[in-house]
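Visitor: Submitted below is the structure of interest, expressed as structure tokens.
Nothing in this text is a laboratory measurement; each read-out follows from the coordinates by a stated rule. All values derive from a computational prediction rather than experimental measurement. Here the Cβ positions follow ideal geometry from the backbone for every residue, glycine too, while neighbour counts run over all protein chains shown.
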Amino acid sequence: MYVVIAEDDSDVKCLKILIKRLAGDKPLTIEGKGFGSCGNMLNKGARFLNTYSNQAKFRKFIICHDRDKSSYQSVYEKVADRIINKAGINTKQICILIPTEEIEAWILADIKAVKNVISSWPHNKIDGSPEDIKNPKEVLQSLSRIDKPRPLYNHALHNEKIMEYLNLADVKSKCPSFAELVAFVESGKANYPNR
């Protein structure tokens, strides 16, 4: 059983879908919370995780924090210090998941999947590494404008639906941050050192 926390509800919903797909277990129990911002997650995440850390059925914890413009190491240390150490979670199965820029880079890795949700989606290929693209959420919005003032794509509405169609092998091969999630779900291999 998993507990997932992230900056916003959309990321939590996406991660729940991806974990279930990777585990091949649709009825898998996953509790989670989006905090509305990284600041709120850093300030309140430890308290939320504490409510589950002493329950025997919850043994796997995923904390998702976008890298944005920061270094991987600085985000990792901030999450470890302000959430994990503060919560005192006593398990070896903790994954600090740090999508490069934003989780939307995973969608850019398999942009064809968007057409399953937005039928008029015009783009099927992105050049370069999806994790090198700045502001992937805004890139998806821009690609979806199709000569209209408002974009067709809305992350809060579409991301979790798109996650159902992503080619997970493609995303794993193109996005090292997604490969960490795959390793954690498939083998329980955590990237947070033993306590």
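Visitor: At q = 0.17 Å⁻¹, what is the base-10 log of I(q)/I(0) for the chain according to the Debye formula with one equal point scatterer per Cα and no solvent? Please give it to two decimals.
Guide: With one equal scatterer per Cα and no solvent, log10 I(q)/I(0) is -1.11.
Visitor: Would you mind checking the pairs Lys13/Lys44; Lys60/Lys115; Lys115/Lys189; Lys20/Lys125; Lys13/Lys92; Lys92/Lys174 and listing those with alpha carbons more than 30 angstrom apart?
Guide: Long pairs (Cα-Cα over 30 Å): Lys60/Lys115; Lys115/Lys189.
Visitor: Right, next: Which three extents, in whole angstrom, do the alpha-carbon atoms of region 104-169 cover along their principal axes, largest first?
Guide: The Cα atoms of region 104-169 stretch 33, 24, 20 Å along their principal axes.
Visitor: Under a 5 Å amide H to amide H cut-off, with H placed in plane at 1.01 Å, what residues pair with Gly32 once short-range neighbours are removed?
Guide: Val4
Visitor: Run the numbers for Asn40 and Ala80: contour at 0.36 nm per residue of separation, minus the present Cα-Cα distance, in nm.
Guide: In short, 12.9 nm is gained.
Visitor: Could you run the Karplus curve 6.51 cos²θ - 1.76 cosθ + 1.60 with θ = phi - 60° over region 2-10 and give me ³J(HN,Hα) per residue in whole Hz, x for Gly and Pro?
Guide: So the J values, rounded to whole Hz, are 10, 10, 10, 10, 8, 5, 9, 4, 4.
Visitor: Can you list the HN-Hα couplings for region 17-29, worked out from phi with the Karplus curve (6.51, -1.76, 1.60; θ = phi - 60°), rounded to whole Hz and with x for Gly and Pro?
Guide: 3J(HN,Hα) across region 17-29, in whole Hz: 5, 5, 4, 4, 5, 5, 7, x, 9, 4, x, 3, 7.
Visitor: Go through 17-29, 91-103 and give me the packing order, highest mean Cβ count within 10 Å leading.
Guide: Peptide ranking by packing, descending: 91-103, 17-29.
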